[in-house]
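The values are calculated or read from the model by the stated rules, or taken from the named source; none is laboratory data. Just so we're clear, the structure is a prediction, and the values are computed from it rather than from any experiment. Neighbour counts are summed over all protein chains in view; Cβ atoms, including those assigned to glycine, are modelled from backbone coordinates with ideal geometry.
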Amino acid sequence: MAQRHFFMGVDIGGTFTDLVLFEDGRQKPFNAKTLTTPADPVDGVLNAVREAMAQADAAPGEVRRVVHATTLATNLILERKGARLGFVTTKGFGDMFHISKQYPSGIDRFNAHYERPEPLVDREMVIEIDERLNFRGEVLKPLNEAQAESAVRRLAAAKPDAVAVCLLHSYANPAHERAVGEMLQRAMPGVYVALSSEVWPEFQEYERASTTLISAYVGPMMADYLGRLEQELRGFGIQCGLQIMQSSGAVMPASMAARKAVYSVESGPAAGVIATAQLGLAIGRPNMISFDMGGTTAKVGLIQHGRPNVTHDFAVGTSVSVQARASGEPIKIPVIDLAEVGAGGGSIAWIDPGGLLQVGPLSAGAAPGPACYGLGGTQPTVTDANVVLGYLNPDYFLGGKMKIYPERSRGAIARNLGERLKLDPVLAAHGIYQLANIHMGSAVRLITVSRGIDPREYAVMAFGGAGPIHIVKVAEQFNIPTVIVPPSPGVASAFGLLMSDLAHDNVTTHIVQCKSASADDLRRIFDNLEQAGRRELTNEGTAQKDIVVQRSIDTRFVHQKHEINIPVPPGPITDATPAAIEQSFRDLYFELFKVRPADPVEFVNFAVRVVGVASKPQIQPTPRGDGNTPRALKGMRQAYFAETSGFVDTRVYDRTALMHGDRIEGPAILEEPDSTTICPPGYAVEVDPFLNLVIGKK
Amino acid sequence: MKDPVLREVVQNALDTIADEVGVFAARSAYSPFVNQSGEIATAIFDPQGRLVAQTKRGLAHACAVRIGQRELLKDWPLEAMEDGDAFVFNDHFRGGIHPTDVMVFRPVFHQGRVAFIYGAMMIVSDLGGLSAAGLPANATECFHEGLIIPAVRLYKAGQPNHDVVAMIEANSRTPRRVMGDIRALVAGGNMAAVRMLELIEKYGCENLLAIINELMDRSEKLTRQGIERIPDGTYQGSYIVEEDGIVPDKSYRVRARITIEGGDIKFDFSGSDPQARGAVNASYSQSLSGIIFALLCFLDPEIPMNEGFFRPISVELPLGSIVNPRYPAACNIRIGTVQAIVDSIIQAFAPVFPDRVQAPGGTPHSLLAAGRHPRTGDMWAFLDPHFGPCGARSTRDGVDCMPDPLFAGQSAYGRNIENYELEFPLRYERFQVWRDSGGPGKWRGGCGLLKEVTFLAENDLTVRAVDRCRIPPQGLAGGKPGKGGGWIINRGRPDEWNPPPKQTNIRVPAGTMVTQLVSGGGGYGDPFQRPPELVARDVQEGFVSIEAAARDYGVVIDRTGGEVDLEATRRLRGR
């Protein structure tokens, strides 16, 4: 038999570990879904690996790439189970995290019982070093080695698991941090040490320090977990190195993920956005909105020109609502920009004191779950509404693996909402459906309209188990013309892992007015950053020809406090480059704010992303089918639509039997084991060569 | 009942617009105050001048825009407005707060008529006055506090009005920045206009206004429901404001008398002292913002802010008093008075909301300096504000260092040292939790801050500790006051001295070091009732010294092990 090549993507979620095994040249991937094993997630991964390998009849040596997304770092932070930390900073500034940047937001502002989250580091675990630099990196006060050694000894006696170091102005000169780092290594061999000048050398001490602190907080456990997982996979016979999804949507080798642990904080959600970007490119759509609806939240991301939007204003350590992200500790590393709202299948519907129907943010979760699960849930949820409206098939939930009770959905809605609103339970269910769609719409709005982006110029791709039920009505709020549902939307995130490239992000702060910035300066700064990234990639085995470099500069008007990231066009930097970047900034600023200040412009942070293009599974188009859709017809079901103001007989199709070129007019329901797609009246579905469902107005 | 879903949709859309435009405007602002979105208040009004929606950020400014907008309509009736106009306005006897808090209004036209009006306010970087950043510590008239701008057109039919721009620029020490700030507010208005027009297009103007009417009724209903939960009766509270920086040793009292009758609430401040000569007076709208903030602490904070919310509320702020001064009173140091309003309301309600009581916290301290930059020769104006930390609560400690929730959006570590050192000729020496500054109590008041900076160039220094230094944040229910803050110049040197809390334009040479001490919050309950293990933890973490543990709490901590000496503690507490 000829040598086969497999790509493996593993995504660990709260309930399930999803694995996609893709054979190069084969259209359909093998999917495995196993229960996540919280005590040691390695077990769950190995179960999934065995299951999928058996399905595919693959030999371990045939696996060429393994990419992994993990919520380990996120959970360590949310559950506050990270390392016992030490923190080292410049003398006089050790109270940074006890003074704190966190404050109450949302309704907490009026909460007389508000408690600010405790700092991740105890105050007695902070040591201050006698040294001082200025913003140019010049030494104002040399490092007092005797004082530093004695402080380090004191910290070592307290036995931290990890130490974060952030000295003032170390972005401009890392020498003192490095010297302290060496002292720490000597005093506490084997302890995890994170230096701010390595983790994220950008000016603004609080953000740089908290990014470093978070890295140290999750570092030791990440290193341990990834080391064991890699070892187990090797033991299983999978010899290729393990790669980890970063929050930015690029991947890095597991060894680096252990060193720069903070980079994988938002590893999981990033994968879905990458999947959307890649599937979009395959069908010639570089501008996409990704829409991922799960049990408790929906996440919306934006892809422009084939690339996901990335933010540097992210905070970790609080709940998931969009507003709450304003609190928590800031991390400055690149994170795929997502708007997240508390609306998912499990979100509970209720009536507020003013008599208005509300949905979420409370969720029934997996247990007791929606009323229809029959596991003790009595509160009506979005899933219950979908059952009452006829959108979900009680006999085909999770492909028939799970029994649900439609009468409990109806009862919960009638009891809790219908009677109090004097509304028929079906109309109440439809109200829930609409409100959930509106909440999810607000996430779409945040990521598009709020930033002056017209969502109508985008196609939206829906995934997650529940996404394809709601997406057409979410898109309708913005007149987004095209909705796409990929095959197996329930495991699209794991698939996204296989579509990602390696990348390293490096940044430096150099504040200079555009008019006095020289091309030589720009070349020197960018070259240094680029070389650092190239070195990493080369060490990891990427060939020079597969390396792509992206440069950008955070730019602002002099005296402003917020920068806008301006990409630097590829190609050599010339004397005209600074002025060209300034002009791009001025134009973009006008586009965003509709005002054109004449003030001088300055460059602040220089960033380079060095990408190593990885070999990926090729998704192949399928030949056109016969167009005879009755082949996939499973039967008829009553479903409720606003357009028909009542229930109508609706065709139900087996999505897995649909072929390229098939066209189905709404109303229609398209079922597959891990998801259901609703095509309302007035819309039609077409199946494209990659077996995506493409839904638009008739 | 009309369609509850549609109402919810429109309510969400309006809230989002008000919130988003504020965030958006903050992103383009220049003022160091506004490097977070917390200090921009934005609102949408209907053509009758009724509040339609308002961001819940910028709470300290919340009511200014609403009142300013009514005054605007007196000078500029709708017929006089053109599409693309933007008005700038800061008169603090007509809705404003003090000259440096600037309002911008922009009508939103639909089919040739004003359909809505956007309004926003934020503090700008400098509009002249006695000292840099428009925050003089010793003003006695509004003219000392900056350029007073009546409602004038900054943009005429979409075109900048260069006359007004030139007038503003000529009156600012930092002309570029101040126009950058004002333009940020206009940018927010442009965005609000686009978004409101989308809503009109979607629902139709008539229909939208009808829904908005229902939403106002709904907010009124929710507000009344909340008020009805407070038993009928009269509630009283008061709090003190220390000297105004002009008349020595004179203090002022704010007195609240609250009457609840069913779903109606009346706030009567007629017992408050007459206005001060110094700038500690709170303008009418500023006092109203304090009242509304305090009330929200006792209602459902999610009630959408619109005209309906205000219907059950009546307010008596006597003209000529410290809570509503007569022209031309100076008002820029009013926050101590606003916090006194909040504290007197919280204390008034203490009998009915015993678990929501909070002892008074600290008030803002601003360090300002202005000079010429030795490297560039440019004029510079520096502002480093800190907000008072929280007082202890009846159920738990005050949050250390964290600004009082009235300043939601401001954080204790709000501005990075590296940023300031890069921009100004100065070097910070330390930024620390001020040990032993939290008021002792069964529940400890939040610790204040200690920050020290050395100026590397000659400058004019203004120290402006708003309040609660000489009369520090008081304790409640047997709790002790927090430690009163202030300023030290050249601490530990032969020429060390303590300027008063409020002093304007002290010329100091290069090398001058300024120590800023931000008062700690008041304590709650008898400190001898504080569990010894909590005191031991405070000592271990360094918030309380071993000496203070014994002196203030009667808790003896072992010097070597950090353990509580139970026997010695019992003896000390038994005394």
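Conditions tested, residue by residue: (1) in contact with a His (Cβ under 8 Å, 6 or more places away or on another chain); (2) assigned by TED's automatic domain parsing to the domain that holds A:TYR103; (3) modelled with pLDDT of 85 or more.
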| residue | (1), (2), (3) |
| --- | --- |
| A:VAL300 | no, no, yes |
| A:THR311 | no, no, no |
| A:SER319 | no, no, no |
| A:PRO334 | yes, no, yes |
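Name the residues in region A:188-212 that are more than 19 Å from A:ALA223 (Cβ to Cβ) and either among the β-branched types (Val, Ile, Thr) or out of contact with any helix residue (DSSP H, G or I) (no Cβ under 9 Å at 6 or more places or on another chain) (or both), would you?
Once the filter is applied, which keeps residues that are more than 19 Å from A:ALA223 (Cβ to Cβ) and either among the β-branched types (Val, Ile, Thr) or out of contact with any helix residue (DSSP H, G or I) (no Cβ under 9 Å at 6 or more places or on another chain) (or both), region A:188-212 yields only A:GLU207.
Residues of region A:573-588 being touching a residue at least 12 places away in the same chain (Cβ under 8 Å) and not hydrophobic (A, V, I, L, M, F, W, C), which ones?
Once the filter is applied, which keeps residues that are touching a residue at least 12 places away in the same chain (Cβ under 8 Å) and not hydrophobic (A, V, I, L, M, F, W, C), region A:573-588 yields A:THR574, A:ASP575, A:THR577, A:PRO578, A:GLU582, A:SER584, A:ARG586.
Taking B:GLY521 as the residue in question, decide whether it is surrounded by 14 or more Cβ atoms within 10 Å (Cβ to Cβ), within 14 Å of chain A (Cβ to nearest Cβ), touching a residue at least 60 places away in the same chain (Cβ under 8 Å) and under 30 Å from B:LEU135 (Cβ atoms). Write out each step before concluding.
Values: surrounded by 14 or more Cβ atoms within 10 Å (Cβ to Cβ): yes; within 14 Å of chain A (Cβ to nearest Cβ): yes; touching a residue at least 60 places away in the same chain (Cβ under 8 Å): yes; under 30 Å from B:LEU135 (Cβ atoms): yes.
For B:GLY521, the condition - surrounded by 14 or more Cβ atoms within 10 Å (Cβ to Cβ), within 14 Å of chain A (Cβ to nearest Cβ), touching a residue at least 60 places away in the same chain (Cβ under 8 Å) and under 30 Å from B:LEU135 (Cβ atoms) - is met.
Considering (1) within 14 Å of chain B (Cβ to nearest Cβ); (2) touching a Leu at 6+ places or on another chain (Cβ under 7 Å); (3) surrounded by fewer than 19 Cβ atoms within 10 Å (Cβ to Cβ), say which one A:VAL121 fails and leave the rest.
Condition not satisfied by A:VAL121: (3).
Among what's in region B:406-421 and is of a type in the set (A, V, I, L, M) and not in a loop (DSSP other than H, G, I, E, B), pick the residue that is farthest from the other protein chains (Cβ to nearest Cβ). Working first, answer last.
First, pick out the residues of region B:406-421 that are of a type in the set (A, V, I, L, M): B:406, B:408, B:412, B:417.
Next, only the ones that are not in a loop (DSSP other than H, G, I, E, B) stay: B:406, B:417.
Details: B:LEU406: 9, B:ILE417: 6 Å.
Among those that are of a type in the set (A, V, I, L, M) and not in a loop (DSSP other than H, G, I, E, B), it is B:LEU406.
Which one of these is outside the structural domain of A:GLU476 (by TED's automatic domain parsing), farther than 26 Å from B:GLU8 by Cβ and touching a strand residue (DSSP E or B) at 6+ places or on another chain (Cβ under 9 Å): A:TYR405, A:TYR373?
Step by step, each of A:TYR405, A:TYR373 is checked, and only A:TYR373 is outside the structural domain of A:GLU476 (by TED's automatic domain parsing), farther than 26 Å from B:GLU8 by Cβ and touching a strand residue (DSSP E or B) at 6+ places or on another chain (Cβ under 9 Å).
Of all residues in region A:558-596 being of a type in the set (Ser, Thr, Tyr) and touching a strand residue (DSSP E or B) at 6+ places or on another chain (Cβ under 8 Å), which is surrounded by the fewest Cβ atoms within 10 Å (Cβ to Cβ)? Lay out the reasoning, then the answer.
So in region A:558-596, the residues of a type in the set (Ser, Thr, Tyr) come out as A:574, A:577, A:584, A:589.
In the following step, the residues that additionally are touching a strand residue (DSSP E or B) at 6+ places or on another chain (Cβ under 8 Å) were identified as A:577, A:584, A:589.
Numbers: A:THR577: 20, A:SER584: 17, A:TYR589: 22.
Once the filter is applied, the top-ranked residue is A:SER584.
Kindly indicate the residue of region A:78-92 that is crowded, with 22+ Cβ neighbours inside 10 Å and among the hydrophobic types (A, V, I, L, M, F, W, C) and also farthest from the other protein chains (Cβ to nearest Cβ) among those meeting that condition.
A:ALA83
Quick check on B:LEU368: is it touching a helix residue (DSSP H, G or I) at 6+ places or on another chain (Cβ under 7 Å), closer than 14 Å to B:ALA133 by Cβ, in contact (Cβ under 8 Å) with a residue 24 or more places away in the chain and within 14 Å of chain A (Cβ to nearest Cβ)?
No; evaluated as a whole, the condition is false for this residue.
For region A:275-284, does any single residue satisfy the condition of being within 21 Å of A:VAL474 (Cβ to Cβ), buried (at least 22 other Cβ atoms within 10 Å of the Cβ), modelled with pLDDT under 90 and of a type in the set (Val, Ile, Thr)?
No, that holds for no residue.
Tell me the strands (runs of 3 or more DSSP E) entirely within region A:597-698 that contain at least 2 residues that are crowded, with 20+ Cβ neighbours inside 10 Å and of a type in the set (Gly, Ala, Ser).
Working: elements: A:601-612, A:633-641, A:646-654, A:663-665, A:668-672, A:675-679, A:683-687, A:693-697.
Strands (runs of 3 or more DSSP E) meeting the threshold: A:601-612.
Inside region A:260-312, can you point out the residues that are among the aromatic types (Phe, Trp, Tyr) and either in a helix (DSSP H, G or I) or at positive phi (or both)?
Passing the criteria: only A:TYR263.
Can you tell me which residue among A:LEU133, A:LEU140 is farther than 22 Å from B:GLU541 by Cα, crowded, with 22+ Cβ neighbours inside 10 Å and within 13 Å of chain B (Cβ to nearest Cβ)? Don't jump to the end; show me each part of the working.
Values: A:LEU140 fails: crowded, with 22+ Cβ neighbours inside 10 Å.
Going through A:LEU133, A:LEU140 in turn, just one is farther than 22 Å from B:GLU541 by Cα, crowded, with 22+ Cβ neighbours inside 10 Å and within 13 Å of chain B (Cβ to nearest Cβ): A:LEU133.
In region A:167-182, which residues are surrounded by fewer than 20 Cβ atoms within 10 Å (Cβ to Cβ) and part of a helix (DSSP H, G or I)?
A:ALA175, A:ARG178, A:ALA179, A:GLY181, A:GLU182
Could you go through region B:447-460 and let me know if any residue there is away from chain A (no Cβ under 14 Å), over 24 Å from B:TYR252 (Cα atoms) and either in contact with an Asp or Glu (Cβ under 9 Å, 6 or more places away or on another chain) or buried (at least 20 other Cβ atoms within 10 Å of the Cβ) (or both). Quick ask: steps written out before the conclusion?
The initial filter retains those residues of region B:447-460 that are away from chain A (no Cβ under 14 Å), namely B:455, B:457-460.
This time we only want the ones that are over 24 Å from B:TYR252 (Cα atoms), so: B:455, B:457-460.
Add one more test, that the residue is either in contact with an Asp or Glu (Cβ under 9 Å, 6 or more places away or on another chain) or buried (at least 20 other Cβ atoms within 10 Å of the Cβ) (or both), and what stays is B:455, B:459.
Yes.
Listed here are the residues, each with its yes/no results for (1) more than 14 Å from chain A (Cβ to nearest Cβ); (2) surrounded by fewer than 20 Cβ atoms within 10 Å (Cβ to Cβ); (3) at negative phi; (4) within 21 Å of the chain's Cα centre (by Cα).
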position: B:THR223; (1), (2), (3), (4): no, no, yes, no
position: B:ASP244; (1), (2), (3), (4): yes, no, yes, yes
position: B:PHE267; (1), (2), (3), (4): yes, no, yes, yes
position: B:SER270; (1), (2), (3), (4): yes, yes, yes, no
position: B:VAL280; (1), (2), (3), (4): yes, no, yes, yes
position: B:LEU288; (1), (2), (3), (4): yes, no, yes, yes
position: B:PHE298; (1), (2), (3), (4): no, no, yes, yes
position: B:ARG311; (1), (2), (3), (4): yes, yes, yes, no
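For the list (1) closer than 27 Å to B:ASP91 by Cα; (2) in a strand (DSSP E or B), I need the number of the one condition that B:THR259 fails.
Of everything listed in (1) closer than 27 Å to B:ASP91 by Cα; (2) in a strand (DSSP E or B), B:THR259 misses just condition (1).
Filter region A:510-529 down to residues that are buried (at least 17 other Cβ atoms within 10 Å of the Cβ) and of a type outside the set (A, V, I, L, M), then give me how many there are.
Number satisfying all stated conditions: 3.
With respect to the numbered conditions (1) crowded, with 21+ Cβ neighbours inside 10 Å; (2) assigned to a loop (DSSP other than H, G, I, E, B); (3) within 14 Å of another protein chain (Cβ to nearest Cβ); (4) in contact with a helix residue (DSSP H, G or I) (Cβ under 8 Å, 6 or more places away or on another chain), which one is the sole condition not fulfilled by B:ILE345?
(2)
Quick one: which strands (runs of 3 or more DSSP E) lie wholly within region A:77-166 and hold at least 3 residues that are without any contact (Cβ under 8 Å) to a residue 60 or more places away in the chain?
In region A:77-166, A:126-129, A:139-141 are the strands (runs of 3 or more DSSP E) which contain 3 or more residues that are without any contact (Cβ under 8 Å) to a residue 60 or more places away in the chain.
If I ask for residues that are among the polar types (S, T, N, Q) and assigned to a loop (DSSP other than H, G, I, E, B), which ones from region B:40-56 would you list?
Passing the criteria: B:GLN48, B:THR55.
It is to be established whether one or more residues within region B:547-563 are within 27 Å of B:ALA465 (Cβ to Cβ), within 14 Å of another protein chain (Cβ to nearest Cβ) and surrounded by fewer than 23 Cβ atoms within 10 Å (Cβ to Cβ).
no
Restricting attention to region B:422-438, which residues are at pLDDT below 95 and either more than 7 Å from chain A (Cβ to nearest Cβ) or surrounded by 22 or more Cβ atoms within 10 Å (Cβ to Cβ) (or both)?
Scanning region B:422-438 gives B:GLU423, B:PHE424, B:PRO425.
Just the residues that are more than 7 Å from every other protein chain (Cβ to nearest Cβ) and surrounded by 24 or more Cβ atoms within 10 Å (Cβ to Cβ), please, taken from region B:384-405.
Result: B:HIS386, B:PHE387, B:GLY388, B:PRO389, B:CYS390, B:GLY391, B:ALA392, B:ASP397, B:GLY398, B:ASP404.
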